[in-house]
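J.: Handing you a structure now.
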Number of protein chains: 2
Amino acid sequence: MKAEIIAVGSEMLTPDHVDTNSLFLTDRLNDAGFRVHLKTVVGDDEGEIAEVLQAALQRSDLIIFSGGLGPTEDDLTRAAVAGVLGRKLSIRQDLLEALRVRFASRGYRMPSINERQAQVIEEAEILENSLGTAPGMWIEQKNVRIALLPGPPRELRSMFESQVLPRASRLGKGLRLAKRVLHVTGMTESEVDSQAAPIYKSYPGVQTIILASPGHITLKLSRWVEPGENPTDLDELAQAIGRALGRAVFSTTGEQLEEVVGRMLSESGRSVAVAESCTAGMLGMRITRVPGSSRYFLGGVVCYSNDAKRKLCDVSPDLLRDDGAVSPQVATALAQGVRKALGSSIGLSITGIAGPGGGTEQKPIGLVFVGLCDEGRSEHFKRIIPGDRETVRERTTYFALSKLRDFLS
Amino acid sequence: MKAEIIAVGSEMLTPDHVDTNSLFLTDRLNDAGFRVHLKTVVGDDEGEIAEVLQAALQRSDLIIFSGGLGPTEDDLTRAAVAGVLGRKLSIRQDLLEALRVRFASRGYRMPSINERQAQVIEEAEILENSLGTAPGMWIEQKNVRIALLPGPPRELRSMFESQVLPRASRLGKGLRLAKRVLHVTGMTESEVDSQAAPIYKSYPGVQTIILASPGHITLKLSRWVEPGENPTDLDELAQAIGRALGRAVFSTTGEQLEEVVGRMLSESGRSVAVAESCTAGMLGMRITRVPGSSRYFLGGVVCYSNDAKRKLCDVSPDLLRDDGAVSPQVATALAQGVRKALGSSIGLSITGIAGPGGGTEQKPIGLVFVGLCDEGRSEHFKRIIPGDRETVRERTTYFALSKLRDFLS
C-alpha cells in the first residue's frame, strides 16, 4: 500500500525548518504496512494545497496531511480538501462547544477566530485532539483514505498513535517493515560498505542503508514481511555482516556506545573518571547522558590549559615541556592523575589538537591520544582524526569510549 | 519569482533521512530573489519523477532537482527529465573522456556503469562537478529553468554556488530577502512572542519567525527588498523588539552566547574555570566550541559525585550533608573551589537534578543552582527548568552562561 505525506505551512519553506513530522510518520506508517512514496511541503496557499491533493488522489492509498488546521486565515487545509472532494465544510456545534469549554477551563474566553476549528468536512470522522485545539479528520474518498493532522509534533504524534495507526493498520493487512540495526565505530563509511556490500548484495530483497555520523556508523537492514512471516533472512544477514565487521560492531540492540560501556562498568562493579583536554567536557557529558550513570561515573577534570593538567592531574611540568601536552606520555599521566584524584577503578584521558589553530608538521590538527589505566595496566592510543573542530571532538569521544570498551572486555 | 525543489532518492523516504539540501537551497534561492513555494521528495521511480516535473513546469519559474544523477540503475533523474521535455539523452564524448581521466588519476579504471554519467539532455548546459563524478545540467524550457544537481551536499553546494547562483541571480533581477536576527535567552517562546507580537504586527510586510531550542530563542525578521532599496523598516522593527526584550537579547549579529561571553572575557582580560555537576562537562564543551577559547578558559571539574565535589573543589562534607549537593551553598562553594583550584579570575558552577530519577518534593527534577564568584563577589541563582534530562542540561548551560554574561557586564 502506498502512502504520501503532505506538510502544509509556509514556515516550512524557509531555510530554518525541516519537516521532522514526516520522519515519525514514515516510521509508523512502515510499521502499519505502508510504503511512503512521496512527500510534499506546500505553503499556506489554498490553490496549491488543492493541486497537490488532486495529484495525490491519483497515486496513493493513504494521504496524510500535517498542519494548516489552526484558527487563522493562513490555515487552509480544511477548505482546500473540502473543495477538491466537492464536500461541504460546516461548523459542528458539539465541537464548537468543546472548544469553548477547553478555553473556559483555562480561564479564557474563546476568540471568535477559533470557531473555524469547529469546521468539519462533510462525512469526515473526527480525530480528537487531547493536546490542542485543532481536531483532526479521517476521510474516505472512493479507495483513498485521507487523514488531516495538526502540525505541532506532540499533537500530531498523539493523534496518529491513538487514532490513525489503528485505522491504517487495518488497511495495511498485517504487512510490516521488519528491521535490524547494527551500530559500528572505528571504521569509515566506505570501510563499512566495502565489508558489508558483498554480503548484503546477496540479499536483494533487503534494503540496506548506511548512515554516517561523526565517530559512528549505523547500518539499517529492512524488508517487508507478510503477516505471520518470520524474517530469518534478516537475522542471517545481520549476523553475517556482524561477523565481517567484528569488534567494530558495538550494538545490535539499539544501545548507544555510552550505554554499552556503562553496562559493562556496572556489571563489573568498576568506576571511571575522565580527564579531558581538547574535548573539554564532551566525554563526561556523553557518559552521563545515561540515566543512573552516577553508579559508575565519579567525575572528571577539564584540563584545557597546561596549568590545569598540572594542578588537577599532577602532570609534571617536565613532561609537559619535553613531550608536549599532546603526547602519549601526557595522555598516560592524565589518566593516572585523574584516577588517583578521584579514586576510581579506571582513569580515561583525552589530549589532542581539535583545530582550527595549533597544528604543526609534527603534531597536525586532528592528532589525539587516549590514555587508559587501572591499578595494573596503563595504555595509550594514537589517532589522527579528520574533520572540523566539532567533528574531531565528537569522533575523539567515540574513540575514547571504544577504547574503554576494549579495556573492559 | 517562484522556485520549487524536487529531491530524488528513495533513501529520503525512510525515517532516517531529512532532506537538508533544501534548507541550503532555500536560503541561497532567497538571496537570489526566488521564493521557494513547494518542495517534493520523490523516490527512484522514473514515472513519479516525471509526474512531479510535469506539475512543476506549470507552476514554477525555476525547478531545482537534487539527486538521482549517480551511475546506477536507480539514478533516473536524467531519463525522467529528458522524457518529460521530449528531448534526447545521449553520451557526450568529452564528458566520458573527463570521467575516465578522473578515475585514472586516482589509479582506477572507470567501471562501465559510470558511462551513464556522461549522458546529457539535448541542449542542456553542463554544470561542472569538481568534487564528484556526476555533472549537473541547466536547462531552459520556454519560460522555465531547470537545474539538475547531484545529491551529496558538498557537491551540490559547490555546484550551486559557482554555477547556479549566478544564473538564478540574473533571473531574480536583484530582488533579495533581507534578514535581521535576534538571539534571546532566559525567556520562553510564548513570553518572547507576547512581547514581540504587538510590535511586529504593525509591520505586516515583514515575515517574523520565532524558533525555539532548549535555552535559546531565535527571532528572524525578513522581507523582500527591491534592488537599491534600503530596508530601514527592518532595522526599526529589530530595534523596537530589542528594546522590548531588553537584556534577554544577547546578540543581533549572529554570535552565539558562548561567543558573546568569550568576547567579554577576552576584552576584560579575565579568565574563567567551571565546576559542573549535573551537566557533567556540557558547559566546558560549549565554552570551548569557540576557537581560541584557551585565552580565557582555563578548565574545570566534573564533580558528578559528592566525593568529587569534596576532592576537586574542597566542598566541606558538612555542607554536603546539611544542605545537600543541590543547594545554593554548594553552588557557591563549587564556584569558589574551582576558582581557587585553577587560579582563574572567575569561578562558575552548576549543580542540579537533571532527572529522570533523584527528584523529591523539596528538590524536584529540574531544580538547578548556578554559582558565580570572583575575588570580591559571590552570587548564586536558582531556577526550576522544565524538560527531559538532556533538555534540562542544555537549558542549564544557557542559564549559567547568561548569568556569567550579567556578571561580566
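The values are calculated or read from the model by the stated rules, or taken from the named source; none is laboratory data. This structure is a prediction, so every number in the text was calculated from the model and none was measured. Using ideal geometry, Cβ is built from the backbone for each residue, glycine included, and neighbour counts are taken over all protein chains shown.
J.: For region A:1-119, please list each of the helices (runs of 4 or more DSSP H) lying entirely inside it that holds at least 3 residues being modelled with pLDDT of 95 or more and within 9 Å of chain B (Cβ to nearest Cβ).
T.: The helices (runs of 4 or more DSSP H) meeting that bar are A:21-31, A:46-59.
Residue by residue, here is whether (1) under 30 Å from residue B:355 (Cα atoms); (2) at the interface with chain B (Cβ under 8 Å from one of its Cβ atoms) holds:
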residue	(1), (2)
A:298	yes, yes
A:305	no, yes
A:314	no, no
A:319	no, no
A:325	no, no
A:343	yes, yes
A:347	yes, no
A:352	no, no
A:358	no, no
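J.: Go through (1) touching a strand residue (DSSP E or B) at 6+ places or on another chain (Cβ under 8 Å); (2) more than 7 Å from every other protein chain (Cβ to nearest Cβ) and name the single condition residue A:269 misses.
T.: Going through (1) touching a strand residue (DSSP E or B) at 6+ places or on another chain (Cβ under 8 Å); (2) more than 7 Å from every other protein chain (Cβ to nearest Cβ) one by one, residue A:269 breaks only (1).
J.: Against the conditions (1) assigned to a helix (DSSP H, G or I); (2) closer than 26 Å to residue A:58 by Cβ, where does residue A:158 fall short? Just the number, please.
T.: The one condition residue A:158 does not meet is (2).
J.: Does residue B:261 satisfy the condition of being within 13 Å of chain A (Cβ to nearest Cβ), buried (at least 24 other Cβ atoms within 10 Å of the Cβ) and aliphatic (A, V, I, L, M)?
T.: Judged against the criteria, residue B:261 is not a match.
J.: Same structure again: Can residue A:337 be described as within 14 Å of chain B (Cβ to nearest Cβ), under 19 Å from residue B:305 (Cα atoms) and surrounded by 24 or more Cβ atoms within 10 Å (Cβ to Cβ)?
T.: Criteria met by residue A:337.
J.: For region A:190-302, which fully contained strands (runs of 3 or more DSSP E) count at least 3 residues that are closer than 30 Å to residue B:341 by Cβ and either at pLDDT 95 or above or outside the structural domain of residue A:320 (by TED's automatic domain parsing) (or both)?
T.: A:272-276, A:297-302
J.: Identify, by number, the condition in (1) farther than 22 Å from residue A:354 by Cα; (2) touching a residue at least 60 places away in the same chain (Cβ under 8 Å) that residue A:278 doesn't meet.
T.: If we test residue A:278 against (1) farther than 22 Å from residue A:354 by Cα; (2) touching a residue at least 60 places away in the same chain (Cβ under 8 Å), just (1) comes out false.
Conditions tested, residue by residue: (1) more than 14 Å from chain A (Cβ to nearest Cβ); (2) over 30 Å from residue B:143 (Cα atoms).
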position: B:159; (1), (2): yes, no
position: B:189; (1), (2): no, yes
position: B:225; (1), (2): yes, no
position: B:253; (1), (2): yes, yes
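J.: Condition (residue is of a type in the set (A, V, I, L, M), more than 35 Å from the chain's Cα centre (by Cα) and surrounded by fewer than 18 Cβ atoms within 10 Å (Cβ to Cβ)) applied to region B:103-119: is it met by at least one residue?
T.: The answer is yes; a qualifying residue exists.
J.: Which ones in region A:385-409 are over 21 Å from the mean Cα position of the chain (by Cα), more than 14 Å from chain B (Cβ to nearest Cβ) and in a helix (DSSP H, G or I)?
T.: The answer is A:403, A:404, A:405, A:406, A:407, A:408.
J.: Would you confirm, using the coordinates I've provided, whether residue B:332 is polar (S, T, N, Q) and either at the interface with chain A (Cβ under 8 Å from one of its Cβ atoms) or within 30 Å of residue A:295 (Cβ to Cβ) (or both)?
T.: yes
J.: Does region A:18-34 hold any residues that are surrounded by fewer than 20 Cβ atoms within 10 Å (Cβ to Cβ) and in contact with a strand residue (DSSP E or B) (Cβ under 8 Å, 6 or more places away or on another chain), and which are they?
T.: A:31
J.: Would you check if residue A:26 is of a type in the set (Ser, Thr, Tyr) and closer than 22 Å to residue A:80 by Cα?
T.: For residue A:26, the condition - of a type in the set (Ser, Thr, Tyr) and closer than 22 Å to residue A:80 by Cα - is not met.
J.: Let me ask something else. Take the conditions in contact with a helix residue (DSSP H, G or I) (Cβ under 7 Å, 6 or more places away or on another chain) and surrounded by fewer than 15 Cβ atoms within 10 Å (Cβ to Cβ) and apply them to residue A:251. Does it pass?
T.: no
J.: For region B:157-179, indicate whether the set of residues that are surrounded by 14 or more Cβ atoms within 10 Å (Cβ to Cβ) and under 30 Å from residue B:286 (Cβ atoms) is non-empty.
T.: Looking for residues that are surrounded by 14 or more Cβ atoms within 10 Å (Cβ to Cβ) and under 30 Å from residue B:286 (Cβ atoms), one finds at least one in region B:157-179, hence yes.
J.: Quick one: in region A:37-90, of everything that is in contact (Cβ under 8 Å) with a residue 60 or more places away in the chain and of a type in the set (Val, Ile, Thr), which residue is farthest from residue A:1 (Cα to Cα)?
T.: Restricting to residues being in contact (Cβ under 8 Å) with a residue 60 or more places away in the chain and of a type in the set (Val, Ile, Thr), the top hit is A:77.
J.: Still on this structure: Could you pull out the residue among A:345, A:316, A:327 that is more than 25 Å from residue A:405 (Cα to Cα), surrounded by fewer than 23 Cβ atoms within 10 Å (Cβ to Cβ), modelled with pLDDT of 95 or more and assigned by TED's automatic domain parsing to the domain that holds residue A:268?
T.: A:316
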